[in-house]
1. Pick out, in residue order, every one of the chymotrypsin sites (Phe, Trp or Tyr not before Pro) in segment 122-200 that is DSSP loop and has at most 16 other C-beta atoms within 10 Å; say none if there are none.
2. If the chain between THR44 and LEU193 were fully stretched, how many nm would it gain, using 0.36 nm times the residue separation less the Cα-Cα distance?
3. Which is the longest stretch in the chain that no exposed loop site breaks, taking sites as trypsin sites (Lys or Arg not before Pro) with a DSSP loop state and at most 15 other Cβ atoms within 10 Å?
4. In straight Cα distance, which aspartates and glutamates are under 18 Å from LYS100, not counting same-chain residues fewer than 8 positions off?
5. What is the spin-label model distance, in nm, from TYR240 to GLU24 if the labels are put 7 Å beyond Cα along the C-beta direction?
6. Collect residues whose amide H, placed 1.01 Å from N in the peptide plane, falls under 5 Å from the amide H of VAL172; neighbours closer than 5 in sequence don't count.
7. Distance from the Cα centre of segment 212-240 to that of segment 27-95, in angstrom?
8. Test of understanding: ordering MET239, MET94 by Cβ neighbours within 10 Å, fewest first, what list do you get?
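A short reminder: the numbers here are calculations on the coordinates, not readings from a lab. If you're wondering where the values come from, they're calculated on a predicted model, not measured in any experiment. When we count neighbours, we look across all protein chains shown, and the Cβ atoms used for this are built from the backbone with ideal geometry, even at glycine.
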Amino acid sequence: MARVGIVTGGTRGIGEAISLALKEAGVTVAATYAGNDARAREFTERTGIAAYKWDVADHAACLAGCAKVVEELGPVDILVNNAGITRDGTILKMTYEMWKEVMDTNLGGCFNMAKAVFPGMRERKWGRIVNIGSINGQAGQYGQVNYAAAKSGIHGFTKALAQEGARAGVTVNAIAPGYIDTDMVAAVPADVLEKIVAKIPVGRLGQAHEIARGVAFLCSEDGGFVTGSTLSINGGQHMY
Ligand code: CAA
């Protein structure tokens, strides 16, 4: 039986590359998305991967959505918490809503999704959870107190849940991407982005598939002894 995996934010950007890499590894993938129906339809037509719509910041929606995936595809063996948003601005300009949206989606989403699938993984004695953190959660970033705090929280969440899953065959790891060539990074003002890229030792942005390969390894049978770790994939921008 093929493993079943959920990739949140799995129809675009890094998430799309992860969905494709897991499919290539033989996983039956459910890709979630929050809003862009047209893109999700196009994604499913092109890849054959099922897309499910719910907001990872909504606890009840995550429980209901995961139950639907189980009903339609089978018990969930793999969870990739990839869904994330930015609401950048210095703290002088950041509103409480900008703070809360990012915390609820990027960090709250990890809790909501893990809460839905972890018990089943534990019962079946096999599971893989990969949380997408960020270089900016490790190093901080001017204009991102919300995002850096949420991503940093993901790294703590990963290490705590890894301890709870270890004896039950459930590994929990994080990947900390650097600046990857996606819509999210394209939204950074060009002059600011130019200065950031100038500080990346390999001299370029990363590609989404370079993150996806790491996720596929952590989700594989061979990844069974890797847990509680953070894999930094950032072109040498932050050596941590
Ligand atoms: N260090 C020190 N000072 C800085 C600075 C930095 N890195 N960046 C800007 N400043 C200064 C500015 O020069 C300006 O100074 P003056 O007032 O003296 O001119 C001051 O800070 C305030 O600047 P702004 O008024 O422009 O600040 P703002 O509140 O409008 O915010 C910003 C601007 C949103 C932070 C913008 O600079 C920006 O988008 N920066 C990039 C943020 C970023 O890297 N986001 C990553 C998105 S991708 C992602 O998150 C994925 C991932 O995981 C890597």
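1. TYR142
2. In short, 50.5 nm is gained.
3. Maximal segment without exposed cleavage sites: 1-92.
4. LYS100 reaches ASP55, ASP58, ASP88.
5. Between TYR240 and GLU24, the label points sit 2.6 nm apart.
6. It is ILE129, GLY228, by chain and number.
7. Distance between centres, Cα-based: 21 Å.
8. Lowest to highest Cβ neighbour count: MET239, MET94.
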